[in-house]
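Notes for the one structure printed next.
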Amino acid sequence: MFSAIFSATEAGVIYAIMALGVYLSFRILDFPDLTVDGSFVTGAAVSASMIVLGYNPVLATGAAIIAGFLAGCTTGLLHTKGKINSLLSGILMMIALYSINLRIMGITSETAIGVPNIPLLNTETIFTHVGEYAKEIGLDRPLNSILGMVGLADSLPPTWGILIFMLIVTFFIKWLTDRFLKTEIGLALRATGDNQRMIRSFSANTDSLIVLGLGISNALVALAGALIAQYAKFSDVGMGIGMIIIGLASVIIGEAIFGTKTIARTTLAVIGGAIIYRIVVTLALRVEFLDTGDLKFITAVIVIFSLILPKLVDKQKSKKRKAKRYAQLSAGHSGTGKGDPTIAASETD
């Protein structure tokens, strides 16, 4: 059980980067960007292809970020300059990226035709270097000894280095996102999502802001795709199906549990939501009558539950507030003697 939860936490921290990208497009820009399903695979395809061709994994990951940024900017241009509906522009880009991703992975073949997947089993990735470095500095030994002391010696993870490394990377990206959203451009992005007409009245170029916002959003999504490909040791053209739902689930779960009072708290909630989502899915798949083929159904149920539960909680709180207010008003009336005929008669005398 512990090893399954540990692996889910590792994956959740990586998917949190993708969830931050979805948060930027859906919450900040109020843009239903379905490019995510394609740009996630673009990041995985670019990084996997370059690693197989012998490039440094860090350089390959950087190229994946640039590819995702360009994909997001293209969606923004289709919407702003092409005057295509926001939802439709994302769908069109997602469809186009399917063929583009096949071509990108086809670079690794001699015929250079579309390849549906690339294995990374015998290649060096960022995480192989991280694991080796963790062993060199002796990071795993003290942490594993703590687990042995609490009776979890049979569930020791292969290495703690990947989890710690990804926590550092994800929280650094969160910090950068918080700082960016507080800059002049970031405030303009937030204002564009809230009210485009208002921000235009201040002579702001909302088209450029939308393109930039979608570019950054999909750059984060592509980064997550590149890291997931290196973590799972493969890249597949179908690995992005349903990514937008996973991102939305992470955002919704995090906001419902941790709240959204400030930007910093909201981005932290998104990270927490992504981790909780992966753990819930992992635990759900351990149920006997469920298997991996039910993953999308489980995701849909989690999202539905996350959307309905906050509304039910708010409704219950509203009822309690009304009942408390009514009780206070009733107590006030009884304290002043209103409604009591004997008190009313003495007042008239």
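Give me the residue from segment 248-265 that is buried (at least 17 other Cβ atoms within 10 Å of the Cβ) and small (Gly, Ala, Ser) and, out of that set, farthest from the chain's Cα centre (by Cα).
In this case the residue turns out to be Ala256.
Which condition breaks for Leu29 when tested against (1) open to solvent by 20 Å² or more (accessible area, probe 1.4 Å); (2) touching a Leu at 6+ places or on another chain (Cβ under 7 Å); (3) of a type outside the set (D, E, K, R); (4) over 20 Å from Met166 (Cα atoms)?
Condition (1) is where Leu29 drops out.
Exactly one of (1) under 21 Å from Ile17 (Cα atoms); (2) surrounded by fewer than 17 Cβ atoms within 10 Å (Cβ to Cβ) is unmet by Ser208. Its number?
Unmet condition: (1).
Do we have any residue at all in segment 255-274 that's out of contact with any Lys or Arg (no Cβ under 9 Å at 6 or more places or on another chain), of a type outside the set (Gly, Ala, Ser) and closer than 22 Å to Gly225 by Cβ?
No.
Give Ile228, Ile241 a once-over and let me know the one that is outside any helix (DSSP H, G or I) and either within 30 Å of Gly106 (Cα to Cα) or among the aromatic types (Phe, Trp, Tyr) (or both).
Working: Ile228 fails: outside any helix (DSSP H, G or I).
One residue alone meets the criteria, Ile241.
Please go through (1) surrounded by 17 or more Cβ atoms within 10 Å (Cβ to Cβ); (2) closer than 15 Å to Ala229 by Cβ; (3) not aliphatic (A, V, I, L, M) for Tyr55 and return the number of the only condition it doesn't satisfy.
With (1) surrounded by 17 or more Cβ atoms within 10 Å (Cβ to Cβ); (2) closer than 15 Å to Ala229 by Cβ; (3) not aliphatic (A, V, I, L, M) applied to Tyr55, the lone miss is (1).
Report the residue count in segment 58-95 for those that are within 17 Å of Gly225 (Cα to Cα) and among the small types (Gly, Ala, Ser).
8
Show the residue pairs that are 6+ apart or on different chains and have beta-carbon atoms under 9 Å apart, the first residue being within segment 282-303 and open to solvent by less than 70 Å² (accessible area, probe 1.4 Å), the second being among the aromatic types (Phe, Trp, Tyr).
Here the result reads Leu290/Phe297; Thr299/Tyr277; Ile302/Tyr277, each pair linking segment 282-303 to a residue that is among the aromatic types (Phe, Trp, Tyr).
The values are calculated or read from the model by the stated rules, or taken from the named source; none is laboratory data. The structure displayed is predicted, hence computed values, not measured ones. Cβ: placed from backbone, ideal geometry, glycine included. Neighbour counts: every protein chain shown. To get the accessible areas, we keep the full protein, side chains included, count just its heavy atoms, and leave off ligands, DNA and RNA. Shrake-Rupley method; radii C 1.70, N 1.55, O 1.52, S 1.80 Å.
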